[in-house]
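Have a look at the structure below before the remarks.
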Amino acid sequence: MNNEYFDIVEDSAGRHSTWARAIRLAAAFDPSPSNQALFKVRGRAALTLYSETAVLMQAVISAHHREVIDKTLALIEKTGF
């Protein structure tokens, strides 16, 4: 990405991490597989990004917000994403 902010965040998460791949697909910075609909690729990437961000930020998320996040993560997992 040609954006200093994204470079800093991507470096923090890891250049080759699941989080970095998800942000690049969700934001359409990387091409999606040609055999899949773009909205599906970006949608799955956004859910992966949410899940990975929850893991990376778990130490600073308040208990109040953690409850909502955990319910959302359970729904993501239940639906197979």
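Coordinate-derived values only; no laboratory data. As the structure is a prediction and not an experimental result, all values here were calculated from the model. All Cβ positions, glycine included, derive from the backbone under ideal geometry; neighbour counts span all protein chains shown.
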Legend entry - Long-range amide H partners of D30 with built H, under 5 Å: L25
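If the chain between A46 and S32 were fully stretched, how many nm would it gain, using 0.36 nm times the residue separation less the Cα-Cα distance? Provide the component values of the computation, followed by the final result.
Values: separation 14, 0.36 × 14 = 5.04 nm, distance 1.32 nm.
Contour length minus the Cα-Cα distance gives 3.7 nm.
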Inset, instruction - Read phi for every residue in region 28-35 and hand back ³J(HN,Hα) as whole Hz from Karplus 6.51 cos²θ - 1.76 cosθ + 1.60, θ = phi - 60°, with x for Gly and Pro. - result: 6, 7, 10, x, 8, x, 5, 8
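Kindly put E52, E4 in sequence by how many other C-beta atoms sit within 10 Å of each C-beta, fewest to most. Mind dumping the intermediate values first?
Values: E52 18, E4 8.
The most exposed by this proxy come first: E4, E52.
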Legend entry - Calculated [θ] (222 nm, deg cm²/dmol) that DSSP helices of n ≥ 4 give over the chain, each run adding -39,500 (n - 2.57): -21500 deg cm²/dmol
Legend entry - Of the DSSP H helices in the chain, those whose Cα atoms cover at least 20 Å axially and whose Kyte score averages -1.0 or more: 38-56, 63-78
Legend entry - Added length on full extension, which subtracts the Cα-Cα distance from 0.36 nm per residue, F39 to Q58: 4.0 nm
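Just to check, using Stokes-Einstein with a Kirkwood Rh over alpha carbon pairs, what's the diffusion coefficient of the chain at 37 °C and 0.692 mPa s in µm²/s? All intermediate terms of the calculation are to be shown ahead of the outcome.
Numbers: Rh = 13.6 Å.
Stokes-Einstein gives a translational diffusion coefficient of 241 µm²/s.
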